[in-house]
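Notes follow the structure.
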Amino acid sequence: MPLALLALAVSAFGIGTTEFVMMGLLPNVADDLGTSVPTAGYLVSAYAIGVVLGAPLLTAIGSRVPRKRMLLLLMALFTIGNLASAFAPDFGWLLAGRLLAGLPHGAFFGVGAVVAARLVPDGRQARAVATMFLGLTVANIVGVPAATLLGQHLGWRATFVVVSVIGLGAMAALARLVPQMPVDSHQGLGREMKAMGNRQVLLGLLTAVLGFAGVFAVYSYLSAMTTEAMGFGESSVTLVLALFGIGMTLGALAAGPLTDRALRPTLYGSLAALAVVLVVFPFTVHVQWAALVMVVLLGGIGFMTTTPLQMLVMNKAKDAPTLASASNHSAFNLANAGGAWLGGVAIAAGWGWTSPALVGAVLAVAGLAVAATAGLLDRTPAVSRVVAGGTAAHTKQEAGVR
């Protein structure tokens with residue numbers, strides 16, 4: 001494994017930690033800043049909005065910037081956003097800091113995925129992208145629980161100081177380990193925008209919005225389900241969230257080689273399995289050991305969808321994959337917001353704490369329907385191609401892309 005992938009994974013670890021830690025710190029932030037927990041929840045939305053806006057905007061602005069320099073600039077912006085959050089004097093400034101920290105998220109993963117794919121030989125691109133995403137999954141096992149405990153004992157500001165230090169360490173690793181990758185003269189915003197008009201790219205993004213919303217319909221309320229439906233105490237919430245993170249990591253490890261071998265079947269299979277898990281979840285949640293198994297399965301199968309979706313939009317964007325790759329993370333964050341909203345609607349309607357799982361199943365089936373439609377419409381030659389810096393990496397994937 002190229003050491004540059006380790007630098008990308010460390011960066012992903014920092015990004016994943018700051019993205020999800022706020023969910024565990026909402027009560028602390030609300031108490032400290034004199035606001036309610038629901039109002040403090042806007043801090044989660046602010047980060048997601050930053051991702052949605054920043055992914056296409058910063059990728060477009062940096063379309064002619066060499067990729068290593070772009071990664072460093074994005075991680076610098078991430079670090080500044082977390083420092084701003086740590087020292088925010090009031091709720092409004094913290095809201096702005098969270099928005100700022102979210103802006104580089106999608107663009108970083110978009111550029112990072114293209115860099116990761118170019119670092120490895122043909123036939124291993126998906127594994128390289130999955131390796132970068134391992135940092136994001138490990139953040140849910142180690143980073144988020146540790147940062148939550150730190151915030152509970154030393155104050156929520158300490159959490160964002162530590163995340164800022166991780167950002168500085170990631171910048172040092174990127175500067176030392178990632179090779180120079182100049183942007184080819186023929187690449188630019190116009191070519192990237194043209195690639196975004198590809199029907200398969202748009203269908204891939206829609207699949208991400210619908211399919212991954214099924215995961216977040218449950219994950220957003222997993223803490224409440226732990227105490228209200230599974231019968232665990234509040235002290236067990238961290239364990240349950242860590243089990244979800246373990247599932248995510250296992251899913252990422254499995255998704256890489258499976259996607260390299262057969263992209264579309266991996267996507268179809270993971271979405272179908274996700275729908276099954278979400279349907280079964282409410283019937284097992286009252287048996288504690290079975291509920292914990294289902295949490296691991298939900299994290300694993302849910303995250304197995306990310307790598308094939310990432311590779312799909314990169315492949316179909318052909319020789320301008322960066323903007324499409326970044327926009328995929330905007331799609332994931334729209335899924336985050338939409339899934340959480342629909343799950344909340346089900347709970348508010350009085351359908352019970354496990355009702356978001358059935359909502360999620362419907363969303364997963366809708367994502368599978370879009371993915372299957374895209375596959376039927378895709379009559380192009382079965383060639384996986386990721387082009388970075390003017391060099392095309394071709395991988396025959398007749399079973400996978402078709």
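The values are calculated or read from the model by the stated rules, or taken from the named source; none is laboratory data. These numbers were taken from a predicted model, which means no experiment stands behind them. Heads up, the Cβs are rebuilt from the backbone with ideal geometry, glycines too, and the neighbour counts pull from every protein chain shown. Just the protein is used for accessible areas: all its heavy atoms, side chains included, with ligands, DNA and RNA removed. Shrake-Rupley method; radii C 1.70, N 1.55, O 1.52, S 1.80 Å.
Based on the mean of other beta carbon atoms within 10 Å per residue, what is the order of 285-292, 5-12, 246-253, most packed first?
Averaged packing, sorted descending, gives the order 5-12, 246-253, 285-292.
Give the average over all directions of the projected area of the C-alpha convex hull of the stretch 86-159, one decimal, in nm².
Its average projected convex-hull area is 5.9 nm².
If Lys and Arg each add +1 and Asp and Glu each add -1, what is the summed charge of the other residues whose beta carbon sits under 9 Å from the beta carbon of ASP260?
+3
Any idea what Rg and Dmax come out to for the chain if you just take the C-alpha atoms, in Å?
19.9, 60
Can you give me the % of accessible surface on the stretch 1-146 that is carbon or sulfur? Probe 1.4 Å, all protein chains present, nothing else counted.
That share works out to 71 percent.
Enumerate the calculated ³J(HN,Hα) couplings along the stretch 21-33 in order (Karplus 6.51 cos²θ - 1.76 cosθ + 1.60, θ = phi - 60°), each rounded to whole Hz, writing x wherever the residue is Gly or Pro.
Running phi through 6.51 cos²θ - 1.76 cosθ + 1.60 with θ = phi - 60° gives 5, 4, 4, x, 9, 3, x, 5, 5, 4, 5, 5, 9 Hz.
Short version: ³J(HN,Hα) in whole Hz for each residue of the stretch 330-337, in order, from phi by Karplus 6.51 cos²θ - 1.76 cosθ + 1.60 (θ = phi - 60°), x for Gly and Pro, what are they?
Along the stretch 330-337, the couplings run 4, 4, 4, 6, 5, 4, 4, 5 Hz.
Per-residue accessible area for TYR221 at 1.4 Å probe radius, Å² rounded to 10?
Result for TYR221: roughly 50 Å² accessible.
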